[in-house]
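Here is the structure we will look at, set down as structure tokens.
Bear in mind that the values in this text are calculations on the coordinates, not laboratory data. This structure is a prediction, so every number in the text was calculated from the model and none was measured.
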Amino acid sequence: MRSAHKALLQPDMPHDASLIDAAVSLQRLTHPQDRAFRTLSGGGERQRVLLARALVQQPQVLVLDEPTNQLDIRYQLSLLRFVREIGVTVVGALHDLNLAAMFCDRLCLMDGGRIVAQGDADEVLTERRIADVFGIDALIQRHPRTGTV
């Protein structure tokens with residue numbers, strides 16, 4: 001599982017096993033090492049196993065493409081809270097504007113492959129810009145608990 005840190009066919013060492021156990025524990029997974037990937041539940045378990053697998057590599061930057069896809073709201077929030085707290089730079093693609101505003105330090109709004117705006121959620125997610133990019137009439141309000149747009 002830590003092949004990026006090993007020579008060809010080098011076995012796992014005790015340090016590798018402890019990192020794997022920690023990543024599995026952080027994701028609240030129950031012994032995924034003992035199960036075939038195809039037997040894991042479609043969204044929740046598979047997404048969390050893939051994230052644990054990436055974390056075991058001890059990356060400095062983590063690139064996530066739609067990490068909340070196919071997750072119920074509990075796991076979406078849990079995963080994004082976790083990713084915010086792991087101490088690595090995360091570059092991610094999210095289509096859910098509410099989640100992006102809630103969890104991302106900076107946003108980059110794209111339309112047809114071009115950058116329309118980038119910056120803080122307050123700067124990027126405006127009613128006019130959402131109308132221009134998505135063709136919808138949106139109402140932007142601050143969340144009463146989090147203060148995010």
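State whether region 106-149 is rounded, prolate or oblate according to the following rule on the C-alpha gyration tensor (a ≥ b ≥ c being the square roots of its eigenvalues): a/c under 1.5 gives rounded; otherwise a/b larger than b/c gives prolate, and the remaining case gives oblate. Since a/c reaches 1.5 but b/c is at least a/b, the shape of region 106-149 is classed as oblate.
Near A93, the amide H atoms lying under 5 Å from its own belong to L64, D65, E66; only residues 5 or more places off or on other chains count, and H is placed 1.01 Å from N.
Using θ = phi - 60° in the Karplus curve 6.51 cos²θ - 1.76 cosθ + 1.60, the 3J(HN,Hα) couplings for region 117-122 round to 7, 8, x, 5, 4, 4 Hz; x is entered for Gly and Pro. In region 59-149, Cα pairs under 8 Å separated by at least six residues give a relative contact order of 21 percent. Amide H to amide H, with H built 1.01 Å from N, A117 comes under 5 Å of L109, counting only residues 5 or more places away or on other chains.
Give me the extension gain from A36 to T126: residue separation times 0.36 nm, minus the current Cα-Cα distance, reported in nm with one decimal.
27.9 nm
As a length-normalised measure over Cα pairs under 8 Å and 6 or more apart, the relative contact order of region 106-149 settles at 26 percent. Assign one of three labels to region 26-149, namely rounded, prolate or oblate, based on the Cα gyration tensor with a ≥ b ≥ c the square roots of its eigenvalues; rounded applies when a/c is under 1.5, prolate when it is not and a/b is larger than b/c, and oblate otherwise. Cα axes put region 26-149 in the prolate bin.
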